[in-house]
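Worksheet: one structure, shown below.
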Amino acid sequence: MDPAEQIARRSSVVLGHLRLPTLISSSSSSSSELAPMPCLHYTPPELSEKPAAFDTKELRRVLDGHHVEIRDWVFRVMEESPLFRRVSSGMGIVMPDYNQTMEQQREATMRRIGYLLDKGLFDGWVTSFGPESELKKLAMNEVLGIYDHSLAIKLGVHFFLWGGAIQFFGTKRHHDKWLKDTENYLVKGCFAMTELGHGSNVRGIETIATYDVNNGEFVINTPCESAQKYWIGGAAKHATHTIIFAQLHINGTNEGVHAFIAQIREADGNVCPNIRIADCGHKIGLNGVDNGRIWFDNLRVPRENLLNSVADVIPDGSYVSPIKDPDQRFAAFLAPLTFGRVNIAVNAVYISKLGLSIATRYALTRRAFSTTPNGPEVLLLDYPSHQRRLLPLIAKTCAMSSAGNFLKKLYVKRTPATNKIVHVYSSALKAMLTWHNMKALQECREACGGQGLKTENRIGHLKGEFDVQLTFEGDNNILMQQVSKALLAEYINVQKKKKPFEVLGLEHMNYPSPSMPYNLTSDVLRSIKFQTDIFCLREQDLLTRLASEVTQLQTQGESKEIAIIQSHQLAQELARAFTERTILQTFIEDELNLHTGPLKDVIGLLRSMYALICIEEDASFLRYGHLSPSNDSLVRKEVMKLCSDLRPHALAIISSFGIPDSYLAPIAFDWIEANSWSHVNTK
């Protein structure tokens, strides 16, 4: 096409956008006036999209995994109260008012907790035990997190950290004294572990608790500024009590980190003597949580306030513990804290669902540009590029729902023998699911254009709210290092004892490495066998490479610790391979449990999309020769085919997320009406 023809064609398209009644050619001198452009109108996607090809309620049961009815009840309880419901752009929505000041948000969080307490939401949260009780609690907190992260975190600190510490670190004397009052919010607890100088490295904290044998008390001190307790949720304003983590000193001997119950505020709200508290101030998110800093100046607590399920100090100052090895004692002491990582991981999946629901509904109603001179503008989700932005994220979120359910069930059925396994899985999935959440929210924000910047449309604000998930309860990169170290330890143990792999899903290591087909057809790429084989091949290879590299560095004189640190790139790749293989296998298990039919077909598409997008995004498949460049190109093309195959199911899939319309955002519905002049003064 010569330049003149290109100019004529482009002019024709532009004039088509302007709705000129008669196209003019490059040689025309017509002065036809522009006709008024018809106003855009909103069509609900439920009317424009084809009916669901599968039972959306059944898919929701697969993705939620448990307690669907309880979740819906919690949604309704919040929806019924003006403490949660407000009007934005003429639409009744259930979301916090993030235009409030930090102080207003904090007080609103406490009022909402009071309302939920009166409704009986927290009955049994720390006084009931067993898998069913814990799963129910997790389901309810996932719903609360969809409404507001600050609310979920404030409750998590009080019930799961403070209350959980008393449950698991304490004994009968602590249970009888504290648990019922905790459940009824007569005491407000917080959890003073993190310090200015130590976060992930709990073993290195500097707060000191010295036993005074003459008075039968522990004297707790903050010996230096780096030992101040930092980011303590609830400490700045509302908490009356805390769990203090400190190095226990008895007769000049440091027995390691232990936990103590201490009161930090009087009944009138005044800070107790020998304690100083400062506010951490405004944050990029979670401003409904009053994070604080705490210093202790010769604070005395009774000997009975030591949480003593792992170790105790008897009145004469003798230190006793059934676990003699300090490392094992420390591990047992921290094992119950795994709940926090489990909770964060599964909550991240639901926030991904929230963002993707909003962005996908918008993409099913928002149009941009036409592909023919006089044609209608095209729906965003009908562009292959937009499909490529959102549909792989939807598939990943569905797969991660299965992994989250697997993690929860593993956790609630834990035993002392499985604590290490639970730690590895919770570390891996907490990191991968929260990273995915931030990536999904960023893509959703961009996919909504300028509307994604508005706080009322939620997505942009959610980025700031949930960014902290990558850091608290363990920095993600450090958690992934722990995963690879655990895998390496298991590999060395198996090699040393000449026994088969039996844990962490590593049984595939007992067999020869699978070989990859030379000709990767669409059917092969979408098959469970190929996807499982190539994920296992990657993991086998990376684990073997890591073991070899660490051994080589040790042979050269490096310590094991330094060798592992220097092998961090392989370690990170291995941790990713382990986690993605785990997610794939849990998703496959859910798929295989379904009867043949439309739902199983759609989950098969989602599973293939998850597997192939992981392959496309991880260079290690190419780097280590598991895929040839030509086959990698075939994977990329298959991803686009899957986008086309999933496009008709997009609305049905996000509807299966089970989030009520009122919890979404104005942009997810009639965004034209929501932005009309008539609603300017309703915001």
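The values are calculated or read from the model by the stated rules, or taken from the named source; none is laboratory data. Keep in mind it's a predicted model, so treat the numbers as computed, not measured. Because the Cβ atoms are built from the backbone with ideal geometry, glycine has one as well, and the counts that use them run over all protein chains shown. Remember, those area values only see protein heavy atoms, side chains included, never the ligands or the DNA or RNA. Shrake-Rupley method; radii C 1.70, N 1.55, O 1.52, S 1.80 Å.
Here are the numbers:
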item: Spacing of the two label points (7 Å from each Cα toward its C-beta) at Val87 and Tyr518, in nm; result: 7.1
item: Gln263/Lys119 FRET efficiency (R0 22 Å; Cβ-Cβ; nearest 0.05); result: 0.20
item: Efficiency of FRET from Cβ geometry, Ser527 and Asp632, R₀ 22 Å, rounded to 0.05; result: 0.80
item: Average projection area in nm² (convex hull over Cα atoms of the chain, one quarter of hull surface); result: 36.5
item: Accessible area of Trp231 in the full protein assembly, 1.4 Å probe (Å², nearest 10); result: 130
item: Ser620 - accessible surface, heavy atoms, 1.4 Å probe, Å² rounded to 10; result: 0
item: Taking region 301-450 and dividing mean pair separation by its residue count, relative contact order in percent (alpha carbons under 8 Å, at least six apart); result: 30
item: Separation in nanometres of the label points that stand 7 Å from Cα toward Cβ, at Trp677 and Asn593; result: 5.6
item: Charged-residue dipole, Cβ positions (Lys, Arg, Asp, Glu), region 413-475 about Cα centre, Debye nearest 20; result: 320
item: Rounded to the nearest 20 debye, dipole of the chain from Cβ charges on Lys, Arg, Asp, Glu; result: 460
item: Per residue, in Å², the accessible surface of the chain once ligands and nucleic acids are set aside, probe 1.4 Å; result: 42
item: Solvent exposure ordering (accessible area, 1.4 Å, most first) of Tyr185, Tyr411; result: Tyr185, Tyr411
item: At least 20 Å along the helix axis (C-alpha) and Kyte average at least -1.0, DSSP helices within the chain; result: 3-17, 102-118, 131-147, 338-363, 384-412, 419-447, 476-497, 528-555, 568-592, 598-617, 629-646
item: Reciprocal of mean inverse Cα separation for region 100-180 (Kirkwood radius, Å); result: 13.5
item: Region 189-283: proportion of alpha-carbon pairs further apart than 18 angstrom, %; result: 45
item: 10 °C / 1.306 mPa s Stokes-Einstein diffusion coefficient of region 401-502, Kirkwood radius on C-alpha pairs, µm²/s; result: 100
item: Tyr230 accessible area, assembled protein chains, probe 1.4 Å, Å²; result: 50
item: Förster-model FRET efficiency, 30 Å R0, Ala368 and Val68, C-beta, rounded to 0.05; result: 0.25
item: Residues of region 129-158 with amide N under 17 Å of a point placed 7 Å along Cα→Cβ from Glu80; result: 144
item: Region 255-365: relative contact order in percent, alpha carbon pairs under 8 Å with at least 6 residues between; result: 20
item: Region 167-212, accessible surface, carbon-and-sulfur percent (1.4 angstrom probe); result: 53
item: Relative contact order computed over the chain (Cα-Cα under 8 Å; 6+ residues apart), in percent; result: 16
item: Carbon plus sulfur fraction of accessible area for region 35-137, probe 1.4 Å, in percent; result: 55
